[in-house]
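All remarks here apply to the structure that follows.
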Amino acid sequence: MLITKSELEAVAVKPAQYPPDDRKEIAFAGRSNVGKSSLLNLLTGRKSLARVSGSPGKTRTINFYSVNDSFRIVDLPGYGYARVSRSVTEKWGDMVDAYLKSRQNLTVVVLLADIRHKPTAQDIQLYEWLRAYRLDGLVAATKADKISKSEASRNLRVIRETLGLADADKLLPVSVLKRTGVEDLLAALEDLLR
Ligand SMILES: Nc1nc2c(ncn2[C@@H]2O[C@H](COP(=O)(O)OP(=O)(O)OP(=O)(O)O)[C@@H](O)[C@H]2O)c(=O)[nH]1
Ligand SMILES: [Mg+2]
């Protein structure tokens, strides 16, 4: 799949602000700072379509991007970011929960996990939830440029085991810095959108 057109279509903090559920959506979910917005920019070939930051908690709204006029990629705020007040954190969670639980046209959720770290309890919970709802899921292991090849294959095994991925489940290493893993990810998404 080649992405030839992408644009911000809607920004939402509640369901009334979502665009119509007339086409399939792929959501990017994962911890704050894991690289969701960066990966969106890499896939769409647009450096500053989504805002990226070195400090966690950059994306605070649910951002809907129209892609090729045919489907959407939805950039979600990250979880597990402690430097905001508890009530803000809860609202954040509720906002993402409402999207994940109610969106009829949500087809695929890409869970992003930092290749350097063991998935957290929240990562595990999200992945289990996706399975329970029989949503198509795949996992992208981000920031693959940060470690050596041998370390990467060891860590990919740990991520697989910790999340309880089945052999058929996809775990794809990606690096925004080195621009690697994009084609495999796009091919996997294309399959799941069919
Ligand atoms: N080395 C390296 N850095 C990356 C990569 N992907 C993202 N980053 C950096 O990680 C930081 C966080 O990236 P974002 O894309 O803003 O992360 P996010 O998951 O959208 O974060 P929130 O919006 O807070 O949930 C930025 O400083 C990025 O430049 C990667 O593949 N390699
Ligand atoms: Mg972001």
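The values are calculated or read from the model by the stated rules, or taken from the named source; none is laboratory data. Note that this is a predicted model, so its numbers are computed, not measured. In this analysis, Cβ positions are derived from the backbone assuming ideal geometry, glycine residues included, and neighbour counts consider all displayed protein chains.
Can you tell me how many residues within segment 49-63 are farther than 21 Å from Gly93 by Cβ, within 8 Å of ligand 1 (Cβ to nearest atom) and among the aliphatic types (A, V, I, L, M)?
1
Residue by residue through segment 110-159, note down the ones that are charged (D, E, K, R) and either in a helix (DSSP H, G or I) or within 16 Å of ligand 2 (Cβ to nearest atom) (or both).
Correct list: Asp114, Asp123, Glu128, Arg131, Lys143, Asp145, Lys146, Lys149, Glu151, Arg154, Arg157.
Search segment 63-96 for residues being at pLDDT below 75 and aliphatic (A, V, I, L, M), and hand back the single one that is nearest to ligand 2 (Cβ to nearest atom).
Val84
Kindly indicate which of Thr162, Thr107 is surrounded by 13 or more Cβ atoms within 10 Å (Cβ to Cβ), of a type in the set (Ser, Thr, Tyr), over 14 Å from the mean Cα position of the chain (by Cα) and not in a loop (DSSP other than H, G, I, E, B).
Just one listed residue meets the conditions, Thr162.
If we scan segment 84-94, do we find a residue that is part of a loop (DSSP other than H, G, I, E, B) and either more than 8 Å from ligand 1 (Cβ to nearest atom) or surrounded by 16 or more Cβ atoms within 10 Å (Cβ to Cβ) (or both)?
Yes, because at least one residue in segment 84-94 is part of a loop (DSSP other than H, G, I, E, B) and either more than 8 Å from ligand 1 (Cβ to nearest atom) or surrounded by 16 or more Cβ atoms within 10 Å (Cβ to Cβ) (or both).
Could you tell me how many of the residues in segment 64-83 are outside any loop (DSSP other than H, G, I, E, B) and more than 9 Å from ligand 1 (Cβ to nearest atom)?
Matching residues across segment 64-83 total 8.
Which residue, of Ala121, Ala29, Ala16, is within 16 Å of ligand 1 (Cβ to nearest atom) and either without any contact (Cβ under 8 Å) to a residue 12 or more places away in the chain or within 23 Å of Val182 (Cβ to Cβ) (or both)?
It is Ala29.
Would you confirm whether any residue within segment 33-48 is on the phi > 0 side of the Ramachandran plot and within 13 Å of ligand 1 (Cβ to nearest atom)?
Yes, there is a match, as at least one residue in segment 33-48 is on the phi > 0 side of the Ramachandran plot and within 13 Å of ligand 1 (Cβ to nearest atom).
Can you pull out every residue in segment 165-194 that is surrounded by 15 or more Cβ atoms within 10 Å (Cβ to Cβ), of a type in the set (A, V, I, L, M) and in a loop (DSSP other than H, G, I, E, B)?
Matches in segment 165-194: Leu165, Val174, Val176.
Output the residue which, of all residues in segment 5-62 that are away from ligand 2 (no atom under 14 Å from the Cβ) and part of a strand (DSSP E or B), is surrounded by the fewest Cβ atoms within 10 Å (Cβ to Cβ).
Glu7
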